[in-house]
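For reference, the structure is listed below as C-alpha cells.
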Amino acid sequence: MTRPVLHTLICSTRPGRIGPAVAEWAHGAAQAHGGFDAKLVDLASFGLPVFDEPEHPRLGRYAHEHTRAWSASVAAADAFLFVLPEYNFAPPGALVNALNYLVREWHYKAVGFVSYGGMSGGIRSVQVTKALLSTLKVVPMVEAVALTNVAQQMQTEGGLAANPINGQSATAMLDELLRWTNALQGLRAK
C-alpha cells in the first residue's frame, strides 16, 4: 500500500524569512511520523505574481507556466502541512494569492498547520486561512502546532530548536491528518 503524499508548504516568500527553518523541523516531524510520503515544497519557488490568469481557475485552463507548475504540485499532494507566519493578524499575502490560483486541485484534501510568530504563535493566521480553505473543500485540522516566540527557539546556525511539547503536538496533528487524508481518499478519486 502506498503512503499518501504530504506536501509541507513553506508559505512565507519574503526575503529574510525563517519559514524554511521552521519547515525543515516540520518536514522532519512528518518524515519521522512515517504515515506519509513527505515532500518539502517552497511556495517562493513558483514565483507566482498577483493572480494573472485570464480565466476563472475553476475551469483549469491555465495560460501561464507558473500556474501550470503550481497546479501540478498541488494536484500531486493528498494532504498538506502549511508552515506559516502571521502578518498583521493574517496569513502571508503570497499564500492567499496561491490559494486563489486554483480550485479543483485543492478539493477533498486535508491540511495541518505549523504556525509561528510572537506571543500568539501565528494562530490568528491559521484561523483566517481555515476560512479561506473551507471554500476550496479543504478540511483543516483542529490539532496544530503553534510556535510562540519563535525567535527565541532559533539556533545561531539557523535551525529550529522546538521544545518537546511542540513535537508531541506535531505527532498528534499528523495522526489526525493521516486519518482524514485516508477518509477523504474516495472523494479525491472521483
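FYI, it's all coordinate maths here, none of it is from the lab. Given the structure is predicted, the values throughout are model-derived calculations rather than measurements. Heads up, the Cβs are rebuilt from the backbone with ideal geometry, glycines too, and the neighbour counts pull from every protein chain shown.
Given a Förster distance of 41 angstrom, what is the FRET efficiency for TYR87 paired with MET1, based on the Cβ-Cβ distance and rounded to 0.05? The value I calculate is 0.55. The ratio of the alpha-carbon radius of gyration of the stretch 1-94 to the globular-protein estimate 2.2 N^0.38 Å is 1.17. Remark: the stretch 118-124, residue by residue, has Karplus-estimated 3J(HN,Hα) of x, 4, 7, x, x, 5, 5 Hz, where x stands for each Gly or Pro and the curve is 6.51 cos²θ - 1.76 cosθ + 1.60 at θ = phi - 60°.
Here is the list for the stretch 138-190: GluC sites (Glu not before Pro) lying in DSSP coil, each with at most 13 other C-beta atoms within 10 angstrom of its C-beta, are GLU157. Averaging 1/r across all pairs of distinct Cα atoms in the stretch 93-155 and inverting the result yields a Kirkwood radius of 12.6 Å. The Cα-based radius of gyration and maximum Cα-Cα distance (Dmax) for the stretch 124-178 are 13.7, 40 Å. For the stretch 1-80, the list of GluC sites (Glu not before Pro) that fall in a loop by DSSP and count at most 15 other C-beta atoms within 10 angstrom reads GLU55. Largest first, the extents of the alpha carbon coordinates of the chain on the three principal axes equal 45, 39, 27 Å. Applying the criteria of a DSSP loop state and at most 14 other Cβ atoms within 10 Å to the trypsin sites (Lys or Arg not before Pro) of the stretch 9-114 yields ARG61.
Using the Cβ atoms and a cut-off under 15 Å, what net charge is assigned to the surroundings of ARG61, where Lys and Arg are +1 and Asp and Glu are -1?
With Lys, Arg at +1 and Asp, Glu at -1, the net is -2.
Taking Cβ atoms as reference points and 10 Å as the exclusive limit, the residues near ARG104 contribute a net charge of +1, counting Lys and Arg as +1 and Asp and Glu as -1. Using the rule -39500 (n - 2.57) for each DSSP H run of four or more residues, divided by the residues of the chain, the 222 nm mean residue ellipticity is -12000 deg cm²/dmol. Between ARG14 and THR135, residue separation times 0.36 nm minus the direct Cα-Cα distance comes to 40.9 nm.
If only the Cβ of Lys and Arg carry +1 and only the Cβ of Asp and Glu carry -1, the dipole of the stretch 56-190 around its Cα centre is close to 660 debye.
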